[in-house]
1. Restricting attention to the range 318-326, does a residue exist that is closer than 17 Å to Val274 by Cα, surrounded by fewer than 16 Cβ atoms within 10 Å (Cβ to Cβ) and free of Cβ contacts under 8 Å to residues at least 24 places away in the same chain?
2. Could you pull out the residue among Asp85, Asp122, Asp93, Asp146 that is of a type in the set (Asp, Glu), touching a Gly at 6+ places or on another chain (Cβ under 6 Å) and farther than 20 Å from Ser63 by Cβ?
3. What about Asp178, is it of a type in the set (Asp, Glu) and in a strand (DSSP E or B)?
4. With the condition kept exactly as written, say whether any residue in the range 191-210 is touching a residue at least 24 places away in the same chain (Cβ under 8 Å), within 26 Å of Asp301 (Cα to Cα) and hydrophobic (A, V, I, L, M, F, W, C).
5. Determine if the range 160-171 includes at least one residue that is of a type in the set (A, V, I, L, M, F, W, C) and under 27 Å from Ala242 (Cα atoms).
6. Is there a residue being among the small types (Gly, Ala, Ser), assigned to a strand (DSSP E or B) and touching an Asp or Glu at 6+ places or on another chain (Cβ under 6 Å) anywhere in the range 111-122?
7. If I ask for residues that are surrounded by fewer than 20 Cβ atoms within 10 Å (Cβ to Cβ) and part of a strand (DSSP E or B), which ones from the range 233-244 would you list?
8. Identify, from the list Ala90, Ala130, Ala69, Ala125, the residue that is assigned to a loop (DSSP other than H, G, I, E, B) and farther than 24 Å from Ile218 by Cα.
Amino acid sequence: MSWRVAAALGALLVLAAAGIGLGGGRLFRPSPTPHTVSVTFTPAPTPSPSPLDEKTLFAQPLSAGCATASGVWLVTNGGGLLRYDGAEWAQVDGTLRSLTNVVCSKDTVYAVGLIGTVVVVDEQARQIRATDLTTQDLYGVSTLPDGALMVGTNGSVFVLDNGDFQIFAKGIDESLYDVVSFTLESAWAVGESGITYRLDARGWNPVGSGQSKSLRAIAATSPTEALAVGDGGTVVSWGQGAWRAARSGVDADLRDVLIEPGVWIAGDHGTLLVTSPTPSAPSSTRADATFRRIDLRTDCDLVSLFRRGDEVWVVGRTGLSGGVWALRTDGSLIRKWGNC
């Protein structure tokens, strides 16, 4: 973990009010004998990207984005898949799917959505595969070395490992909205009413966050350093074995968080927060760091953050339209696309 990330998280802990780190019993575990779910991927021919004018292309509600080694991908709620190759945007697939989140590895895209929709895009093979995994809605997805971990409503947890989907938890009742994973035995999940679960070799452990509002997103560089955000401006930081509440300075619902480079938080009504001083500032100035707002001059809800090289990308939506911003790490604008 870089000194910038460590300093940013450390500053949050300094700012934190006393939080509650309630450790519950280890009641919820991955199934001792993983149950392989019978899945048949819907075959899809290799699509030809459809060149569309920008206004038309972004006239759909964007949900989230991520970057592979060769492109940027956006998923939509009720629309298709969009891809940016570094020069122009195109609609790679126009199938109407209600997708809620997406993550990328070097050359693979994993997207999840409502009614158990899962889409896997292999950029090298130029292949798109899709299936309906469950009747539950899926909201969170995180990459693993050989697949992805997915979470959703009513305690749904699934893993894709070496091509097989498996149920990966039993007994969780709360809806889970996001997950960050490191290995098959190490992950964090967050959800409704401030619930958090930590996965280790012994199973899923419920850990009290001291919050009652839903947590919508979590980011971490290791199991011992994590940051989660949620409704009503909620921000909690995990460190030294406990969750602690940090002061965001806003009451908007927060939708996503990025902790490298620096801490970035996106939320409703154009809310974009970063730690101040900027990540490039000397560490000696960070002991009293606070959040500062970046004004993107939009009232769109900002729903997704991701890195692309040294850039930070922001995805926003309003009604049936969306927009995307590419920013430098100091918050200055590189380029904007779309209707926000």
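1. Within the range 318-326, not a single residue is closer than 17 Å to Val274 by Cα, surrounded by fewer than 16 Cβ atoms within 10 Å (Cβ to Cβ) and free of Cβ contacts under 8 Å to residues at least 24 places away in the same chain.
2. It is Asp85.
3. yes
4. no
5. yes
6. No, the range 111-122 contains no residue that is among the small types (Gly, Ala, Ser), assigned to a strand (DSSP E or B) and touching an Asp or Glu at 6+ places or on another chain (Cβ under 6 Å).
7. Hit for the range 233-244 is Gly239, nothing else.
8. Testing whether each residue is assigned to a loop (DSSP other than H, G, I, E, B) and farther than 24 Å from Ile218 by Cα leaves just Ala125.
The values are calculated or read from the model by the stated rules, or taken from the named source; none is laboratory data. As the structure is a computational prediction, the values presented were derived from the model and not from experiment. Heads up, the Cβs are rebuilt from the backbone with ideal geometry, glycines too, and the neighbour counts pull from every protein chain shown.
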